[in-house]
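A short reminder: the numbers here are calculations on the coordinates, not readings from a lab. Please read all numbers here as calculations on a predicted model, not as lab measurements. Using ideal geometry, Cβ is built from the backbone for each residue, glycine included, and neighbour counts are taken over all protein chains shown.
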Number of protein chains: 2
Amino acid sequence: MPRRSALPAEDGSTAETPEPSLVWTRPATTRRAALTREAIVAAAIRVADAEGLAAVSVRRLAIELDARPMSIYSYARIESKEELFDLMVDEVCAEMLVPDLPDPWRPALRAVATRTRAALLAHPWWVELIGRNVLLGPHGTRYQEQLLAAVRTLDADPKTKQAVGVTVETYVVGQITFALDEQGSAETEHRSTTRSRQAVSQYQRDLIATGEFPQLSSVGPPEPSSAADRDRYFNLGLDWLLAGIGASLEPDAGPHRAD
Amino acid sequence: MPRRSALPAEDGSTAETPEPSLVWTRPATTRRAALTREAIVAAAIRVADAEGLAAVSVRRLAIELDARPMSIYSYARIESKEELFDLMVDEVCAEMLVPDLPDPWRPALRAVATRTRAALLAHPWWVELIGRNVLLGPHGTRYQEQLLAAVRTLDADPKTKQAVGVTVETYVVGQITFALDEQGSAETEHRSTTRSRQAVSQYQRDLIATGEFPQLSSVGPPEPSSAADRDRYFNLGLDWLLAGIGASLEPDAGPHRAD
DNA sequence: ACCTGAACACCGTTCAAGT
DNA sequence: ACCTGAACACCGTTCAAGT
């Protein structure tokens, strides 16, 4: 930032014209040039990851990028904040793409599910947005293509194969939704300071003590599960799902009919 | 509302004392008595169902209930808007309770899944909230109890049985998340006026035309599915899931091992 | 034409003042 | 003590004015 000394020469210097800066001291790119759509979306994702979706505001992004609020609209070329959310959703979809998708459908689906889950754990707010933002950006489309590619070796009609892909995707998103409770997402952590974990489990213990919850009391209070536990149960459910798909669509491998 | 005429008698009337109202003209219950927590939560759910979660604001509820904004806080006895969301989430959990849960785990899980799905289709915003609001209200706890009751006839250790319940719940929530795209939720409908369905499918068609999406182009563009279709695919995926669970946990009924 | 400052119509919540 | 009006510190977005 070149400073121009418009002050009267109190210090004895005689500089009254704007001091011409040397090319070396001048930044090669102006700040404006850095205010690209990519930078804006990246900043939004950074804020959402760290502080939750609620912290993503046009004004906050402006501060983050050292710009004025309305510049966010003009430089990202968005017409509303919701369009910014569209861009954020699509960006995360890029992270869900598996570099080398195996050919057989089981490992392929497992790879997609694992990578999708990793991306969603890193960007928990995605789940909140996907309910209202359709998956149709370039990366979202690529993700759908990947899902179809994963099931292409299955011997079934296209509609059914698509249903398999969607079912697996669906399972991952659902798992994440509940995993977020226990994991320490930005919002969850904030909540736990407000109403202490202790008060919460005390309340649940009191409820169970009424005797109205025989199943819950026999299992005991739901203890917080570790990350390793959650991985294990995620894979267990995925096993069940893939086994069921295999049993229904590849009856030669072990015929079993659902009731 | 009894009016007291404190105005000077410009109209010639001589009423300077507060006119005593007849008992018949006085409302039996004051408006304040109607401003209960139940009424506030019900109004919030009504607004969220009709116009989406974003339309639920303290000020809006005040208007809806003919009260002042801060009265919402005092009468619902909430300390923040987020606590109102907690109450809304728990209220919907009540709708997920199945009146007569069958004993065998398959029909029981099917009944829970179906009813959960119906509740979520009626209150799409629930999914948006559940990511950050733990299920620990009285009805939420009752729902967890129901999930455990549904799997109690399964021959497996408690942890595994719990995983079965969570997996099914997870599947339902995931399905809803994606179903909302296609169904006409409040927000989605608003969106479709902003960016026309036509522009959207045109964009996707152009993307596919690039040839980068061999799978998608062979399946054809994703046509909007009917409600009946969505029911069918929901049940299809649920069949796969239940079949997989059965095959893994009841190997006597048809041994099949997942790879 | 593209960019943006000021203004508008909202928010949730604090807090002091009312009863 | 309980309730609430006014005020505060934010929002997203419009629009007219700047360049």
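As a proxy for reagent exposure, ranking A:HIS139, B:HIS123 by other Cβ atoms within 10 Å from fewest up yields A:HIS139, B:HIS123. When the GluC sites (Glu not before Pro) in the stretch B:32-103 are filtered for DSSP coil states and for at most 16 other beta-carbon atoms within 10 Å of their beta-carbon, the remaining sites are B:GLU79. Computed over the stretch A:52-158, the P(r) tail beyond 15 angstrom holds 68 percent of alpha carbon pairs.
Residues in the stretch A:57-73 carry Karplus couplings, in order, of 10, 4, 5, 5, 5, 4, 4, 3, 9, 6, 9, 9, x, 5, 5, 4, 5 Hz; the curve used is 6.51 cos²θ - 1.76 cosθ + 1.60 with θ = phi - 60°, and Gly or Pro positions show x.
Note on B:SER80 and B:ARG46: their simple-model spin labels are 2.8 nm apart, each label 7 Å out from Cα toward Cβ.
For the residues of A:77-86, the average number of beta carbons from a partner chain within 10 Å of their own beta carbon is 1. The separation of the stretch A:59-128 from the stretch B:55-127, counted between C-alpha centres, amounts to 29 Å.
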